[in-house]
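The values are calculated or read from the model by the stated rules, or taken from the named source; none is laboratory data. Remember, predicted model here, so these are calculated numbers, not experimental data. Cβ placement follows ideal geometry from the backbone for every residue including glycine, while neighbour counts extend to all protein chains displayed. Side chains are part of the model used for accessible areas, which takes the heavy atoms of the whole protein and leaves out ligands, DNA and RNA. Shrake-Rupley method; radii C 1.70, N 1.55, O 1.52, S 1.80 Å.
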Amino acid sequence: MIEHSLAGSPPALKAPERLRILLVEDDEGDAFLVRELLAEAGASFDLQVATTLREARSKMRGVQCVLLDLGLPDAEGIDGLRKLLAVAGSAAVCVLTGRSDEHLGVAAVAEGAQDYLVKGQVDGVLLVRALRYAVERKRADENARRLREVELRQAESARLERGLLPQPLMQTTEVAVHTFYRSGRALGLLGGDFFDVVQVGADRLHVIVGDVCGHSVDEAALGAELRVAWRALVLGGVAEDQILAALEQVLMSERRAREVFVTVASAVIDLAANRATVRLAGHPPPVLLTGDRADPVAARTGIVLGVRPSPTPATEVEFSGHDWSLLLYTDGLIEGRTGVGDERLDVDGLCGLLGDPAAKEVPLAALPAWLVGRAEEGNGGPLPDDVAMLLISRGGGR
């Protein structure tokens with residue numbers, strides 16, 4: 001007995017879909033011939049006939065392929081094809097030509113038709129094959145067009161998002177500023193995190209890092225609005241202890257829902273006095289690198305912006321010496337796992353990475369990216385949240 005293995009059986013072929021064809025032809029004999037050829041080939045089809053271009057326009061709904069004669073009472077030659085293509089939508093178009101004007105078929109394909117057929121030189125099998133190929137070619141063209149449109153929109157969005165990332169507004173050479181930004185949003189360049197640096201006067205540097213809760217394009221837009229508003233408040237001379245309160249008013253008027261809140265870490269660095277005033281609104285503390293150490297700034301923390309408006313407490317930080325770095329970051333950097341169960345990196349883990357001898361060999365400009373790389377190693381893959389970092393360094397930086 002011969003046993004047949006189902007595993008070795010070829011997959012069942014899907015039956016060809018039923019063709020919905022519109023024949024635009026004013027010659028009854030040619031229309032009859034087309035129907036006979038389709039029937040002869042055993043094609044599964046629905047055929048409508050229009051004798052004029054005007055009638056064809058009213059029968060386009062649901063049609064997959066149009067078979068167009070170039071000699072109609074109300075449309076002649078390529079001009080008729082152009083008028084039909086303008087209303088064809090997703091339908092493929094095949095042109096019928098005579099033996100003496102085959103050159104018109106070539107011109108028709110150049111104008112946008114999917115194929116051309118010469119009357120009297122087509123049997124049923126060839127006709128059905130040409131129509132099915134035309135439908136598939138049209139689908140491929142439509143898919144390529146849609147893909148190109150998506151690529152263009154993505155490129156435009158990328159240019160806009162890159163333009164929304166700030167350039168530090170500073171003139172001093174007393175400190176260097178190194179930035180890092182990466183969106184956790186799929187295919188996005190800009191997330192809800194934001195940062196900025198603005199110098200006021202000869203020796204005062206305002207810096208901010210913020211995090212809008214959420215990951216969608218709405219949060220990305222809100223983050224950009226808040227950054228621009230913060231810069232305007234600083235440049236407008238608003239008192240330092242009033243800036244975050246004013247920023248909170250902007251947040252509450254611009255957010256899409258009452259549940260949206262923002263965490264912020266800001267600092268005003270007095271370069272002449274070698275000190276800083278730090279304010280935290282529900283945000284993790286900056287890390288200070290100095291004397292071969294990395295320690296979190298012991299700053300008081302206020303509540304997040306957007307929940308219950310209240311003053312954000314200020315903490316004064318004295319820098320010892322003129323070799324230090326201050327790292328401000330968003331929690332996307334420290335919320336990844338460390339590789340030990342569900343333990344998170346957190347602030348202590350970040351300080352541990354910065355205190356690692358390997359970190360001291362990394363140039364300051366590359367340190368933020370290095371930190372992300374090490375955090376991802378512990379997490380076992382990319383960090384899921386947005387990450388923004390500002391590293392402000394003076395002298396040797398550590």
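At a 1.4 Å probe radius, which order do 44, 320, 266 fall into by accessible area, largest first? Write out the running numbers ahead of the final one.
Numbers: 44 40, 320 85, 266 15 Å².
The most accessible residue leads, giving 320, 44, 266.
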- Task: Average the reciprocal distances over every distinct pair of alpha-carbons in the range 247-398, invert the result, and give the Kirkwood radius in Å.
- Result: 16.5 Å
- Query: In the Gaussian network model of the chain, springs joining C-alpha atoms below 10 Å, which of 259, 40, 335 carries the largest mean-square fluctuation?
  - Reply: 40
- Query: In square angstrom, what is the accessible area per residue of the range 69-155 with a 1.4 angstrom probe?
  - Reply: 54 Å²
- Task: Pairs of Cα atoms under 8 Å, at least six residues apart: use those to get the relative contact order of the chain, whole percent.
- Result: 12 percent
- Task: Pairs of Cα atoms under 8 Å, at least six residues apart: use those to get the relative contact order of the range 246-398, whole percent.
- Result: 24 percent
- Message: Between [x] 69, 26, 18; [y] 32, 24, 21; [z] 43, 21, 19, which entry matches semi-axes √(5λ) of the Cα gyration tensor in Å as derived from the coordinates of this structure?
- Response: [x]
- Query: Once both axes come from the Cα atoms, what is the angle between helix 346-355 and the longest principal axis of the chain, in degrees from 0 to 90, rounded to 10?
  - Reply: 70 degrees
- log₁₀ of I(q)/I(0) at q = 0.12, 0.19, 0.21 Å⁻¹ - the range 182-321, Debye sum with one point per alpha carbon: -0.48, -1.13, -1.30
- Note on the structure: Relative to the chain, whose Cα atoms define the longest principal axis, helix 77-88 and its Cα axis are tilted in degrees, nearest 10, by 50 degrees
- For the range 354-394, what mean projected area does the convex hull of the alpha carbons give, in nm²? 3.3 nm²
- Note on the structure: At q = 0.15, 0.18 Å⁻¹, the log10 of I(q)/I(0) for the range 199-279 from a Debye sum over equal Cα scatterers comes to -0.55, -0.74
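Using the Cα atoms as the points, what is the convex hull volume per residue of the range 259-312 in Å³? Mind dumping the intermediate values first?
Numbers: hull volume 4.4 nm³, N = 54.
Considering the Cα atoms of the range 259-312, their hull volume per residue is 81 Å³.
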- Charge dipole (debye, nearest 20) of the chain; +1 at Cβ of Lys and Arg, -1 at Cβ of Asp and Glu: 300 debye
- Note on the structure: For the range 70-140, shape from the Cα gyration tensor axes a ≥ b ≥ c, cut at a/c of 1.5 then a/b versus b/c, turns out oblate
- Task: Can you grab the distance from the C-alpha centre of the range 302-329 to the C-alpha centre of the range 373-394, Å, no decimals?
- Result: 20 Å
- Lys/Arg +1, Asp/Glu -1 at C-beta; the chain dipole; positive extreme among 29, 226, 379: 226
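With all protein chains present and a 1.4 Å probe, how do 376, 219, 318, 136 order by accessible area, largest first?
On the way: 376 45, 219 5, 318 115, 136 95 Å².
Greatest to least solvent exposure: 318, 136, 376, 219.
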- Query: By how many degrees, 0 to 90 and rounded to 10, does the Cα axis of helix 243-254 deviate from the longest principal axis of the chain?
  - Reply: 20 degrees
